[in-house]
Amino acid sequence: RIVLACVEAHANRAKRHIVPLLCVHMDFYVRCFVRVYTSANTVKRSASKQAMVYQCVGCHAFHFQPLGKIIEKGASTKFVPGSGPPVGERCAECDFRHQMGGPIWTEPIYHPEFVESVKAQLVTNKDDFASQKRILGITTALSEELLDQPLFQDLSVLAATLHCAVPSNATFFSAVKNAGYKLSQSHTSPVAIKTDAPVAVLWDLMRAWIKTHPVKDPKPNTPAVQILSKENKIVMEPDFTIRPEYKGDKATMRPTPKYMQNPAPNWGPMQRAAGFATNTAGADGKDPRSEKRSKNQGKNKDKKRRRGEGDAVLP
């Protein structure tokens, strides 16, 4: 979403705007497919599609501060700056301070019809794609995300904040839906929670979960102390009855999982291929870069040793 906000900002300079078709974050990179349109009038709406994020450093709750808003009255349309901030100096849940980041793109990151056409193409021509199962899994997960929720909470982070056992996805997800709220996962993580429920509802559910799964007294001056000292405000008696869609019956199991395992252990960016930049080998076949590395090997260690021997070292 940071990348999309940057692309939108650059497009606006040429009286253009973007419409994301399919944007994913997978492994160690992001990949964004967008359409670019020219419309000076639509560019005026750009500020209302972006926001700054206030995030608590204690419980990680987040709130959005739109850069702009649209006021429509009859045939009149006004574009005005956003008003805020949306939170106080201290978090209402744990009394820790907020940090601010952004701007991020807060509109949908995929176009439903386009994603469905991609999925259909993957199913019809599955032999043409080497990573067909992986691509189909991530596009399926993306197509099930809530369009109106930009960011997500992490179930493991919620549990780590209170130092308690992590509820199963089926148990916690069912509790959120039983309370009357929408919920989906994210294509980036199976424990992600995208929901329209306020963060206070999530903490109500976690407090109720801890009553049946007790924890040790938290350390003082931690977010857990503040959160556990409060009573439930919105969901007084959460219902953790597992809903049918989360029971995992064989009849409802997917032929292709949404989340695939990494293809190799320690999967991530690897070393740069040999000769990636330029071929700097000399006539004798030796690489001057190797000689420079050998020459500088242990350079910092020698400086530290001289300091220990009482050599005068300027600050």
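For L22, nonlocal amide neighbours, meaning residues 5 or more places apart or on other chains whose placed amide H falls under 5 Å from its own, are F33, H111.
What value, in deg cm²/dmol to 500, does the helix sum -39500 (n - 2.57) over DSSP H runs of n ≥ 4 give at 222 nm once divided by the residues of the chain? Roughly -9000 deg cm²/dmol at 222 nm, from the helical runs in the chain. Label-to-label distance for N41 and D148 is 2.6 nm, based on points extended 7 Å past Cα in the beta-carbon direction. Remark: the N221-V166 segment gains 17.6 nm on full extension, using 0.36 nm per residue and subtracting the alpha carbon distance. When nucleic acids and ligands are ignored and a 1.4 Å probe is applied, K219 ends up with an accessible area of around 150 Å².
Per-residue packing, averaged as other Cβ atoms within 10 Å, sorts the ranges 231-239, 195-203 into the order 195-203, 231-239, beginning with the highest. Multiplying the residue separation of K133 and S76 by 0.36 nm and removing their Cα-Cα distance gives an extension gain of 15.6 nm. Listed by chain and number, the lysines whose alpha-carbon sits under 16 Å from that of K182, ignoring those within fewer than 8 places in the same chain, are K194.
Restricting region 103-140 to chymotrypsin sites (Phe, Trp or Tyr not before Pro) that sit in a DSSP loop and have at most 16 other Cβ atoms within 10 Å of their own Cβ leaves F129. Among residues other than G180 with Cβ under 11 Å from its Cβ, the summed charge is 0 (Lys and Arg +1, Asp and Glu -1).
Shown is the FRET efficiency for T241 and Q261, computed with R0 = 35 Å from the Cβ-Cβ distance and rounded to the nearest 0.05: 0.70. Here the convex hull built on the C-alpha positions of the chain has a volume of 293 cubic angstrom per residue. The chymotrypsin sites (Phe, Trp or Tyr not before Pro) of region 1-53 that DSSP puts in a loop, and whose beta carbon has at most 10 other beta carbons within 10 Å, are F28. Within the straight-line cut-off of under 25 Å between alpha carbons, the lysines reachable from K78 are K15, K44, K49, K69, sequence neighbours fewer than 8 places apart in one chain being disregarded. Rounded to the nearest 20, the Cβ-based charge dipole of the chain about its Cα centre (Lys and Arg +1, Asp and Glu -1) stands at 1140 debye.
Measuring from a point 7 Å past the Cα of N232 along Cα-to-C-beta, which residues in region 173-188 have an amide N at less than 18 Å? Residues 173-182 fall inside that zone.
The values are calculated or read from the model by the stated rules, or taken from the named source; none is laboratory data. All figures in this text were calculated on a predicted structure; none of them were measured in a lab. Quick reminder, even Gly has a Cβ in these numbers, built from the backbone with ideal geometry, and neighbours come from all protein chains shown. Note: accessible area is taken over every heavy atom of the protein model, side chains too, but ligands, DNA and RNA are not part of it. Shrake-Rupley method; radii C 1.70, N 1.55, O 1.52, S 1.80 Å.
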